[in-house]
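Input: a single structure, listed below in structure tokens.
The values are calculated or read from the model by the stated rules, or taken from the named source; none is laboratory data. What you see is a predicted model, and the numbers here were worked out from it, not measured in a lab. No Cβ is skipped: glycine too gets one built from the backbone with ideal geometry, and neighbour counts run over all protein chains shown. Protein only, heavy atoms only, side chains kept; ligands, DNA and RNA dropped before computing areas. Shrake-Rupley method; radii C 1.70, N 1.55, O 1.52, S 1.80 Å.
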Amino acid sequence: MNMFDIAIFCAAIAGLIMVIGGIILIYKGALVLASTDPSSALTIEWKKEFRLNTQAPGIAFFIIGLLFTLTSIFASKPTEIEPINIIGKVAEISEPITIAARSSKWILVGGSDGVVKGKIRPYVEAITLEISAPGYKPINIVHILDELKDRTIHFEQPIQMEQLVTGVVGTQIIDVPDEGAYASVNSPAKFGVSQ
Amino acid sequence: MKKLQSIVFILTLTMASQTLGSGPMGFVQGSLCSLQNNGPAPGLLVSLVHQYLGRSSPTYTDQYGNFQLFNIPARPEPYLIEVYWGQQLVYRNQIYVHGGVNLGRFCI
């Protein structure tokens, strides 16, 4: 949780406290939701697009609290990551091709006497594509993201992959009593991190 | 007052269950080779599957046939390690993960 997350969390809590506090104050009679004269009504107006007029000024507590809550919800909305398109061809291959993408390494230089202390600033500057296919030697291609046109990676020429193995000699598959109880290979990952 | 105590109890229980949920983790690594030429078997999909946890992230063997999977929850029940040639299952075995597991080199 970074400082921004903490600020959002605090804003949300503040909003809730204001609303709950307003309710408690009304309950205890310290705050009265009573009508006033129309001449002394509270008016909130913004650019002639939004206008709120109330004769119960105590409601302002709820509005301010609600604004805190809504602002924190809006601010915490995750930004959409722009995709990267990959277009190209791998020459003379019938096996299914898989492309794994990974970012650069962020190296921490610091610490002495076995103590590790420092900061890394993860920033995706370059992307490494590892093109693999069953039995073929994988190929790594590095692209600098800022140099991409329309966030698209084009393979300028068909990629040549070296075949090391043409297939498996025999399968070695143990039987499991209830195979249906296990998730299929195409089901979404639930755990684990691959390298 | 009793309501407040109940809310505090529920919050404490929720936080405790989240803490207990993140148990010990292990890893699985190994190296695949081909019975054709005893050389490395690159580009094969390796993943773990567990009866209750579901399927792990897939990994692919590198040019030396090596593979690694990290952050595998240590469980008393066995995992199945599966190797696929494309979409075809070519290897399946049972392993237990209580920490780091090095399967060594095995050929298919």
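What longest range of chain A stays clear of loop-exposed trypsin sites (Lys or Arg not before Pro) (DSSP non-H/G/I/E/B, at most 11 other C-beta within 10 angstrom)? Longest run free of exposed loop sites: A:1-46. Secondary-structure-derived ellipticity at 222 nm for chain A, considering helices only, amounts to -7500 deg cm²/dmol, per-run term -39500 (n - 2.57) for DSSP H runs with n ≥ 4. Put simply, the amide H of B:Arg75, placed in the peptide plane, has neighbours under 5 Å in B:Val97, leaving out anything fewer than 5 places away on its chain. Just so you know, the Rg over Rh for region B:24-107 is 0.96, from Cα atoms, with Rh as the Kirkwood radius.
Think of each Lys and Arg Cβ as +1 and each Asp and Glu Cβ as -1; about the Cα centre, that makes the dipole of region A:85-154 roughly 260 debye. Here A:Lys119 is the anchor, and the aspartates and glutamates within straight C-alpha reach of less than 19 Å, apart from those fewer than 8 places off in the same chain, are A:Asp5. Calculated over region A:85-154, the projected area of the Cα convex hull averaged across directions stands at 6.9 nm². Placing unit charges on the Cβ atoms of the charged side chains and taking the dipole of chain A about its Cα centre, the candidate lying farthest along the positive direction among A:Ala181, A:Pro78, A:Ser132 is A:Pro78. Computed over chain A with a Gaussian network model linking Cα atoms closer than 10 Å, the most mobile of A:Val142, A:Val116, A:Val124 is A:Val116.
The listed residues A:Leu164, B:Leu69, once ranked by accessible area (1.4 Å probe) with the largest placed first, stand as A:Leu164, B:Leu69. Taking the Cα centre of region A:129-181 as reference, the dipole from Cβ charges on Lys and Arg (+1) and Asp and Glu (-1) amounts to some 220 debye. The alpha carbon gyration tensor of region A:97-195 gives principal lengths a ≥ b ≥ c with a/c of 1.5 or higher and a/b no greater than b/c, which makes the shape oblate. Given an 8 Å cut-off on Cα distances and at least 6 residues of separation, report the relative contact order of region A:85-154 as a percent. Relative CO of region A:85-154 lands at 36 percent. Angle between the Cα long axis of helix A:59-75 and the longest principal axis of chain A, 0 to 90 degrees, nearest 10? With rounding to tens, the tilt is 10 degrees. Longer than 31 Å from Cα to Cα, which of A:Lys117/A:Lys137; A:Lys149/A:Lys190; A:Lys105/A:Lys137 are they? Say none if no pair is. In this structure, A:Lys117/A:Lys137; A:Lys149/A:Lys190 exceed 31 Å between Cα atoms. For region A:155-195, what class follows from the C-alpha gyration tensor (a ≥ b ≥ c being the square roots of its eigenvalues): rounded when a/c is under 1.5, otherwise prolate if a/b is larger than b/c, else oblate? Oblate shape, in that a/c is at least 1.5 and b/c is the bigger or equal ratio. Charged side chains reduced to their Cβ positions (Lys and Arg at +1, Asp and Glu at -1) give chain A a dipole of some 860 debye around its Cα centre. Within chain A, the ratio Rg/Rh, alpha carbon atoms throughout and Rh by Kirkwood, equals 1.22. Sequentially through region A:82-93, phi angles give Karplus couplings (6.51, -1.76, 1.60; θ = phi - 60°) of 6, x, 10, 8, 10, 10, x, 9, 10, 6, 6, 9 Hz, Gly and Pro residues having no value and appearing as x. For region A:12-17, 3J(HN,Hα) computed residue by residue from phi via the Karplus equation (6.51, -1.76, 1.60; θ = phi - 60°) reads 5, 5, 4, x, 5, 4 Hz, glycine and proline entered as x. For region B:71-86, putting each phi into the Karplus relation 6.51 cos²θ - 1.76 cosθ + 1.60 with θ = phi - 60° gives couplings of 6, 9, x, 6, 9, x, 7, x, 9, 9, 9, 10, 10, 10, 9, x Hz, in residue order, rounded to whole numbers and with x for Gly and Pro. Here the extension length gained between A:Arg51 and A:Glu147 equals 29.8 nm, from 0.36 nm per residue of separation less the Cα-Cα distance.
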